[in-house]
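All remarks here apply to the structure that follows.
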Amino acid sequence: METDETIHTRQSCERENLSKRFTVINEPYERQYAHIYFVRSEIMRPKVIQAAQRKWGDGVKINKLSEIEEGEKCCIVGTLFKQMELQPSILKEISEEVHVQIQPERKRFISDDDKLILEDTMQRISLTGNISAGDCFTGTVVALLGKETKSGHFNVEDFTYAGLPSQIPAPDLVGNDNYVLFVSGLGIGGKKEKTLQIQMLIDYILGMLGGSEDHEVSSKIVHVIVAGNSLAGETLDKEAQTKARYLTYKSEASTVQAISDLDFFLSQLVPFVSVDLMGGEFDPTNHVLPQKPMHPCMFPSSRRFYDNTFHTVSNPYECKINGVYILGTSGQNLDNLKSYSNVDDDIKLLSSMIECQHVAPTAPDTLGCFPFYKSDPFIIEQCPHVFFSGNQSKYFSSVKKGAEGQKVLLLAVPAFTQTCSAVLVNLKDLTAEEINFEADWSQSNSSVG
Amino acid sequence: MHGSEHDMDMYLCTLDELVEDDKKIVTYKCLSQELAISASKSKELLKLYSKNAEKNNVSIIYCVTGRTKTGIRVVLVQDSQLENAKSKMHKVFSCEPYSVQKSKLTDPSALYAADYEMTKKLLYKCGSYGSVRFNGSTALTDDEINQARTALATTAAANESENTIKHETTQQKSKKISPKSSKTGINNMFGTSSSKVIANGTKIVKPAEQVEIKKEQTKNEKPVQSKPSVSTTNKKSKSHMQSFMTKGKGDLFAESKSSKPSAQIKKEATPPLAEEPSLDINDDFESPKVKVEQEQNEIVKKPEPEKSKKSTSKQKIKKNSGSKKQSRTNSEELPAKKRRRIQEFSSSSEDEAMEEEEEEGSPDIIPASPPPLPKPSRSCIKVGEKNPRKRRVLKSKTFVDADGSMLTEKEWVEEACSDNDYDKRDSDDKKVAKQTDEPKVQKKVSPVAEKSSLKKSKQSSLMGFFSKK
């Protein structure tokens, strides 16, 4: 009996947290958001100009908006702004003069009438021509090639983002399969919580489930990244705010049980593999990006391994695992882009984000973000090897290659509540595969019987 | 297959018992835990057992792992669906029984529930039955946690002393109490439910003395626990007890503030370690018990500040309850009593306060302490009544820590309150107060209080509520 049992040893990984720029400490929230756009355009301008010259030749004339002359072909650089009629606005809602009809609840706020406007630090100009409002996002810095028309619009012939940032080549890990497991949207405490499947996932990582082939795979998982929404949205319990205090003072917030369940799951994992826990939209941390790491005191038992194999990390999160740079979010950025564009394809969105070198272009317009004023930490200065976004409806992955030989794996990590899937990324060759857990035979049973 | 046949037979027997007799859902995890064998071994065992499944009439859940077009797939299926599930795989890695049970499972979540308790117990060790080893993790040991705790406690104590500078003598008391009680507070924070940790947490002294302390704790608890229930017959003792409790509330950690909860926590923690006779001794024997306890205190004479403090105050409580009986009226509410008790330490003559401090500080004097008796305590209480400008308020304080996380801490602060809050009580107390000769301290305050109580109608008192003080 003992003969067929081989014991595998998991290698510990070299992990480095590179998310320092996403930590906001003691900064006031009172500032205006204008600074962040200013900083963003200042930083991005040279990069975009470089990309424009690469695309249209060094001789291309780059004008400021104030320097454009009608009919002259030139290139202008600025920040895109998409004017959307349907964009929810608190001012519109409270305005008494405009009697807006109550809008149906929408998932998307785009319409055919959306207009694109380009702003630089001085002025703005509305855009026409070969650029579609559906595919573009507010807040991205672009270079446009075209002419100003008589009516004062800018007729776009071509446009470009800054392109992939430069990249430190991935380390050579030949012969060493090293997996990083991504999982997101565990949804603990919700109706859709897949408790047994979560337990199966844990057992799989621990090398309990499956045969020796499985054990070999699981022994090579050197790191686990939990990409947000570990708690279900239901746990937020917004109703609680509306109830009388004396009715609810004895009741425990639903997050308390959920977080202790999460602690229970994590405690099984952390002695055997290193885990990074990111905050997400529904997790008990601050709401606007960047989200702070969840406080370790919420995890009394996994806390014993804190700073050793257990880390709570910010969202967005950037780290280096065995020399491979990984950057990603819990999915708010991607979801927001989806709501404000025509694009459904996760990979396309991820790809355009990395091309415009920004993790969350729509922040601070439609996505809550901290009012930075000296820097814009969401700018991707260095191309990661893995760029992921959690809590998506389905698993997608694709490798994108840049002009300078950059290679980045774009990854849409599915929400566990929806798919019961996690994603294994092999650091050696940046390949990804889905790992799916199923324990739902009641349906198949009933259909048979 | 190696392994002695005897073992296998024994294992199978156990398995059979679990399935047939206990009607349990036996998963490979719970089997490996039950028999202390590895997960693969226990799956092997289940396989063996399931061969006779038809004969045994049990249902089996299989776990099939394999590769599909999209990736790796791990499926739990019932035996009837097994082939179907296998056919969906490109390549089957493994097909092993996951669980065996007597009845047909309709709800998969039962499988999770079946293992939950066990998993909870094992927690960190869950993976140790698996086939993957990992050496890269180190947990904080209990010692390290204790170190962190004591470090935290000392800083907490330091903060505490800063915060409480205003209340003169009471502050000294609370400072002394805080290290101990904050420790339990941190225990709560860590939430380590294991009694072991808590026991270690409270251990500040040498291990040898630990048992002694345990004894003392349990001894001390008993009266604390039982007093309130007795108090139905003896109202006074209850109020004193509570005022005693509230005295400790100068501490940092709100949870640990009232010593009652912390005592309960200790109570939960102690049973496995301390040889506590029986927790639920009936309250009928209340007074004898206290006497016994006193005797014990005298006998033990352990130089433990904690203990001594508790015991002295307890003795005092006894005294008070005895002495005060006649002078109390029914109309007096709890807060008022509380007040008196607090003030007892903050006022009165300096010497007396000093005396009390000494009593606490030097445990050797304790046995001798009983004498101080009714008289002083009575006068103290009178004084307390007349200095009603402070009250304890649970305030939450929000600050940002080094990581930028906002933390909210609740702590008891003694703060001045508006006259009107005490108007009613003042008028109540005045009758009593006027009869007794008033100490100097009280005179400073009382004129205002008297004035306000005389002048103010209901309306003005409402205004006073809004005024900041």
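The values are calculated or read from the model by the stated rules, or taken from the named source; none is laboratory data. On a predicted model such as this, the values are computed, not experimentally measured, just so you know. Don't worry about glycine lacking a Cβ; one is built from the backbone with ideal geometry, like all the others, and counts go over all protein chains shown. To get the accessible areas, we keep the full protein, side chains included, count just its heavy atoms, and leave off ligands, DNA and RNA. Shrake-Rupley method; radii C 1.70, N 1.55, O 1.52, S 1.80 Å.
So which of A:I321, A:I380, A:I347, A:I354 is within 30 Å of A:D135 (Cα to Cα) and touching a His at 6+ places or on another chain (Cβ under 8 Å)?
Working: A:I321 fails: within 30 Å of A:D135 (Cα to Cα); A:I347 fails: touching a His at 6+ places or on another chain (Cβ under 8 Å); A:I354 fails: touching a His at 6+ places or on another chain (Cβ under 8 Å).
That would be A:I380, the only listed residue that is within 30 Å of A:D135 (Cα to Cα) and touching a His at 6+ places or on another chain (Cβ under 8 Å).
Residue by residue, here is whether (1) over 25 Å from A:L289 (Cβ atoms); (2) within 13 Å of another protein chain (Cβ to nearest Cβ) holds:
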{"site": "A:T366", "(1), (2)": "no, no"}
{"site": "A:P371", "(1), (2)": "no, no"}
{"site": "A:N391", "(1), (2)": "no, no"}
{"site": "A:E404", "(1), (2)": "yes, no"}
{"site": "A:K407", "(1), (2)": "yes, no"}
{"site": "A:A412", "(1), (2)": "no, no"}
{"site": "A:V425", "(1), (2)": "no, yes"}
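Is there a residue being open to solvent by 10 Å² or more (accessible area, probe 1.4 Å), under 43 Å from the mean Cα position of the chain (by Cα) and more than 10 Å from every other protein chain (Cβ to nearest Cβ) anywhere in the range B:36-55?
yes
Per-residue answers, yes or no, for (1) modelled with pLDDT of 90 or more; (2) away from chain B (no Cβ under 11 Å); (3) touching a His at 6+ places or on another chain (Cβ under 7 Å); (4) open to solvent by 40 Å² or more (accessible area, probe 1.4 Å):
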position: A:T3; (1), (2), (3), (4): no, no, yes, yes
position: A:T9; (1), (2), (3), (4): no, no, no, yes
position: A:S12; (1), (2), (3), (4): no, no, no, yes
position: A:V24; (1), (2), (3), (4): no, no, no, no
position: A:E27; (1), (2), (3), (4): no, no, no, yes
position: A:H35; (1), (2), (3), (4): no, yes, no, yes
position: A:R45; (1), (2), (3), (4): yes, yes, no, yes
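For the range A:341-350, indicate whether the set of residues that are in contact with a Phe, Trp or Tyr (Cβ under 8 Å, 6 or more places away or on another chain), closer than 30 Å to A:A253 by Cα and in the same structural domain as A:K20 (by TED's automatic domain parsing) is non-empty.
The answer is no; no qualifying residue exists.
Could you please find all residues in the range A:186-213 being surrounded by fewer than 24 Cβ atoms within 10 Å (Cβ to Cβ), of a type in the set (D, E, K, R) and in a helix (DSSP H, G or I)?
A:E213
Pick out the one residue from B:A85, B:A148, B:A139, B:A110 that is hydrophobic (A, V, I, L, M, F, W, C), in contact (Cβ under 8 Å) with a residue 40 or more places away in the chain and within 11 Å of chain A (Cβ to nearest Cβ).
Working: B:A85 fails: in contact (Cβ under 8 Å) with a residue 40 or more places away in the chain; B:A148 fails: in contact (Cβ under 8 Å) with a residue 40 or more places away in the chain; B:A139 fails: in contact (Cβ under 8 Å) with a residue 40 or more places away in the chain.
Answer to the selection: B:A110.
Whether any residue in the range A:272-292 is of a type in the set (K, R) and more than 9 Å from chain B (Cβ to nearest Cβ) is what I want to check.
Step one: list which residues in the range A:272-292 are of a type in the set (K, R), which gives A:292.
From what is left, the residues that are more than 9 Å from chain B (Cβ to nearest Cβ) are none.
No, there is no match, as no residue in the range A:272-292 is of a type in the set (K, R) and more than 9 Å from chain B (Cβ to nearest Cβ).
Would you confirm whether any residue within the range A:336-348 is surrounded by fewer than 24 Cβ atoms within 10 Å (Cβ to Cβ), assigned to a strand (DSSP E or B) and away from chain B (no Cβ under 14 Å)?
no
Quick check: anything in the range B:60-75 farther than 16 Å from A:L209 by Cβ and crowded, with 16+ Cβ neighbours inside 10 Å?
no
Residue by residue, here is whether (1) within 21 Å of A:T140 (Cα to Cα); (2) without any contact (Cβ under 8 Å) to a residue 40 or more places away in the chain holds:
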position	(1), (2)
A:C369	yes, no
A:N391	no, no
A:T419	no, yes
A:N436	no, yes
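Considering the range A:5-23 alone, what residues qualify as being acidic (D, E) and in a loop (DSSP other than H, G, I, E, B)? Explain how you work it out, then say what you get.
Filtering the range A:5-23 down to residues acidic (D, E) leaves A:5, A:14, A:16.
A:E5, A:E14 - these are the residues of the range A:5-23 that are acidic (D, E) and in a loop (DSSP other than H, G, I, E, B).
Can you confirm whether the range A:314-329 contains a residue that is surrounded by fewer than 24 Cβ atoms within 10 Å (Cβ to Cβ), within 28 Å of A:Q257 (Cβ to Cβ) and under 15 Å from the mean Cα position of the chain (by Cα)?
Within the range A:314-329 (the criterion being surrounded by fewer than 24 Cβ atoms within 10 Å (Cβ to Cβ), within 28 Å of A:Q257 (Cβ to Cβ) and under 15 Å from the mean Cα position of the chain (by Cα)), the answer is no, since none of the residues qualifies.
Going by what's in this entry, would A:D261 be described as of a type in the set (D, E) and more than 10 Å from chain B (Cβ to nearest Cβ)?
On the way: of a type in the set (D, E): yes; more than 10 Å from chain B (Cβ to nearest Cβ): yes.
So A:D261 passes the test.
Hey, can you tell me all the residues within the range B:11-29 that are over 21 Å from B:Y116 (Cβ atoms) and surrounded by 16 or more Cβ atoms within 10 Å (Cβ to Cβ)?
B:Y11, B:D16
Name every residue in the range A:266-304 that is part of a helix (DSSP H, G or I) and open to solvent by 10 Å² or more (accessible area, probe 1.4 Å), in order of residue number.
We begin by selecting, within the range A:266-304, every residue part of a helix (DSSP H, G or I); these are A:266-269, A:296-298, A:302-304.
Listed by number, the residues that qualify are A:L269, A:P296, A:C297, A:M298, A:R303, A:R304.
Taking the range A:204-216, which residues are touching a strand residue (DSSP E or B) at 6+ places or on another chain (Cβ under 7 Å) and either in contact (Cβ under 8 Å) with a residue 24 or more places away in the chain or closer than 19 Å to A:V324 by Cβ (or both)?
A:Y204, A:I205, A:L206, A:G207, A:H215, A:E216
Only one of (1) within 14 Å of chain B (Cβ to nearest Cβ); (2) open to solvent by 70 Å² or more (accessible area, probe 1.4 Å); (3) assigned to a loop (DSSP other than H, G, I, E, B); (4) at pLDDT 85 or above is not met by A:D58, so which one is it?
A:D58 satisfies all of (1) within 14 Å of chain B (Cβ to nearest Cβ); (2) open to solvent by 70 Å² or more (accessible area, probe 1.4 Å); (3) assigned to a loop (DSSP other than H, G, I, E, B); (4) at pLDDT 85 or above except (1).
Answer yes or no as to whether A:K220 is within 14 Å of chain B (Cβ to nearest Cβ), in contact with a strand residue (DSSP E or B) (Cβ under 8 Å, 6 or more places away or on another chain) and not β-branched (V, I, T). Walk me through it before giving the result.
Values: within 14 Å of chain B (Cβ to nearest Cβ): yes; in contact with a strand residue (DSSP E or B) (Cβ under 8 Å, 6 or more places away or on another chain): yes; not β-branched (V, I, T): yes.
Taking the combined requirement at face value, the residue satisfies it.
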